[in-house]
Amino acid sequence: MQTLDQSKLYYRRVTSLDIVTLIMIIGLLFFPSGYLLSLLLIVVYPFSHSKILVSDIGDRDVRIWVRTMDWNHYRKLHGINFLAQYKSQGSTVHIKQV
């Protein structure tokens, strides 16, 4: 397991499991009681990960698996909100000056 260098800018990568879950959420909406299962997936899925796939903004070819708690700590330190964590543009991620 690798750790995050606090001096670099990272973003969270979308995995194939993220895509499959999104398709399942949308697909379940077409069934009569599927909206309840979709809602359950929306609530449970973010908490079901033990590792997160991230990449350095400067070197997007390198993919790093980090623990969810390390990623959440990194996001909190750098002020990255939940939706902005997937953006790979350097201008949207700010490092606080110490």
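Each reported figure results from applying straightforward, stated rules to the coordinates on display, with no laboratory input. In this text the structure is predicted, and so the values were computed from the model without any measurement. For neighbour counting, all protein chains shown are included, and Cβ atoms are generated from backbone atoms with ideal geometry for every residue, glycine included.
Which listed residue (Thr15, Pro46, Leu36) has the Cα farthest towards the positive end of the charge dipole for the chain, taking +1 on Lys and Arg C-beta and -1 on Asp and Glu C-beta about the Cα centre?
Pro46
For Lys8, which aspartates and glutamates qualify as cross-link partners when the Cα separation must be under 16 Å and same-chain residues fewer than eight apart are set aside?
Asp56, Asp59, Asp61, Asp70
Please list the non-local residues whose amide H lies under 5 Å from the amide H of Ile57, H modeled 1.01 Å from N, same-chain partners needing a gap of 5 or more.
Under 5 Å from the amide H of Ile57 lie the amide H atoms of Leu9, Tyr10, Tyr11, each far enough along the sequence or on another chain.
Students often check this: by mean Cβ neighbours within 10 Å, which of 33-44, 9-20 ranks highest, and how do the rest follow?
Top of the packing list down: 9-20, 33-44.
Given Cα pairs under 8 Å that are at least 6 residues apart, what percent is the relative contact order of the chain?
Reported relative contact order: 35 percent.
State the Kirkwood hydrodynamic radius of the chain in Å, one decimal place, computed from all pairs of distinct Cα atoms.
14.8
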